[in-house]
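A short write-up of the structure that comes next.
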């Protein structure tokens with residue numbers, strides 16, 4: 001949405017503003033629209049409102065999205081750990097500490113900068129996220145699928161939407177989980193207390209995480225997590241929600257936690273159907289050395 005929009009509400013658009021604008025502007029996610037509302041870019045009758053505001057017939061909604069800051073997207077010769085590549089897709093093992101794509105505060109040295117130096121990428125996601133079908137957080141390591149052309153991008157994005165792909169993570173969490181496995185089904189959205197955080201909220205987006213205990217320590221538990229949905233910070237928020245925040249997590253974890261450069265979370269398995277051949281492909285990536293060294297340390301001091 002490049003230009004301001006003015007919308008006069010009819011009976012068909014009455015109700016919660018975030019939901020109704022989400023239905024009306026299908027090209028934007030509800031979370032994106034909620035951000036616009038919370039940041040004051042959406043007004044009703046020239047007044048800022050909250051996402052829960054109930055639109056009435058005759059209300060005049062104006063939307064003035066924040067203009068994106070200019071970022072020069074420059075290919076950079078940064079080493080990549082490529083697990084698989086062909087003419088359509090790349091599977092890359094992202095290191096902890098690398099941002100996936102440019103954004104305010106991280107204009108360069110991202111995975112996208114490195115990928116652009118290596119290969120042409122799809123254009124569907126716009127100027128600053130070429131090739132990026134899904135993301136993982138800066139301090140989460142592991143596997144990402146990248147589209148080299150628009151055909152591949154459409155196929156991989158459709159698989160994500162249909163939940164037919166496989167994504168499994170390994171996480172080290174605080175506390176000892178008694179159950180051997182479980183499912184967390186709790187909706188996620190922006191935290192009403194801190195807009196930098198996500199939280200379990202009643203009107204959030206559907207989110208499901210399946211977890212399985214891999215090993216118990218005296219004060220920590222190593223788990224695998226399978227994603228049914230892919231919401232922002234999903235595993236980090238869901239595990240905190242059940243009382244077991246990720247070790248090392250600076251945003252959702254306790255102050256007293258394991259040393260390191262962020263949460264102990266690694267995307268170790270990724271599976272999808274090849275967009276051209278339809279063949280099922282599955283890839284795995286071993287735990288990075290810092291993660292394995294911490295587990296080795298816990299074997300000695302926390303067992």
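Every number here is computed from the coordinates shown, using simple stated rules; none is lab data. These numbers come from a predicted model, not from an experiment. In this analysis, Cβ positions are derived from the backbone assuming ideal geometry, glycine residues included, and neighbour counts consider all displayed protein chains.
Computing FRET efficiency as 1/(1 + (r/R0)^6) for residue 218 and residue 180, where r is the C-beta to C-beta distance and R0 is 22 Å, gives about 0.80. Oblate is the label for the chain. Its Cα gyration tensor axes, ordered a ≥ b ≥ c, give a/c of at least 1.5 and b/c at or above a/b.
In whole percent, what relative contact order does the chain give with Cα contacts below 8 Å and a gap of six or more residues? Walk me through the numbers on the way to the answer.
Details: 621 pairs, mean separation 40.3, N = 303.
Dividing the mean separation by the residue count of the chain yields 13 percent.
Using 0.36 nm per residue and subtracting the Cα-Cα separation, the extra length available between residue 151 and residue 43 on full extension is 35.1 nm. Looking at the chain as a GNM with Cα springs under 10 Å, which of 216, 129, 276 has the largest mean-square fluctuation? Result for the chain, Cα springs under 10 Å: 276 fluctuates most.
For the chain, the longest principal axis of the Cα atoms and the long axis of helix 289-301 meet at an angle of about 60 degrees. Residues 239, 151, 294, arranged from fewest to most other Cβ atoms within 10 angstrom of their Cβ, appear as 151, 294, 239. Start at zero, step by 5 Å, and the Cα-Cα distances of the stretch 5-63 spread as 4, 23, 35, 29, 9, 0 percent across the bins. For the stretch 75-160, the square roots a ≥ b ≥ c of the C-alpha gyration tensor eigenvalues yield an a/c under 1.5, which makes the shape rounded. Among 130-139, 255-264, 278-287, the peptide with the highest mean count of other Cβ atoms within 10 Å heads the list, and the full ranking is 130-139, 255-264, 278-287.
Listed peptides 109-115, 85-91 appear in the order 109-115, 85-91 once ranked by packing, highest mean of other Cβ atoms within 10 Å at the front.
Distance distribution note for the stretch 167-228: the fraction of Cα pairs above 13 angstrom is 66%. Rounded, prolate or oblate for the stretch 97-211? Axes are the square roots of the Cα gyration tensor eigenvalues, ordered a ≥ b ≥ c, and the cut-off for rounded is a/c under 1.5. Judged from the Cα gyration tensor, the stretch 97-211 comes out prolate (a/c at least 1.5, a/b above b/c). For the stretch 200-303, place one equal point scatterer on every Cα, skip the solvent, and apply the Debye formula. What is log10 of I(q)/I(0) at q = 0.14, 0.18, 0.24 Å⁻¹? With no solvent term, the Cα-only Debye profile gives -0.65, -0.99, -1.47.
Using alpha carbons only, how many degrees (0 to 90, rounded to 10) separate the axis of helix 150-162 from the longest principal axis of the chain? The answer is roughly 80 degrees. Projecting label points 7 angstrom from Cα along Cα→Cβ for residue 84 and residue 279 puts them 0.9 nm apart. For the stretch 123-168, the relative contact order comes to 30 percent (Cα pairs under 8 Å, sequence separation of at least 6).
Across the stretch 5-63, Cα pairs under 8 Å and at least six residues apart give a relative contact order of 50 percent. With neighbours defined as other Cβ atoms within 10 Å of a residue's Cβ, the residues 246, 73 order from fewest to most as 73, 246.
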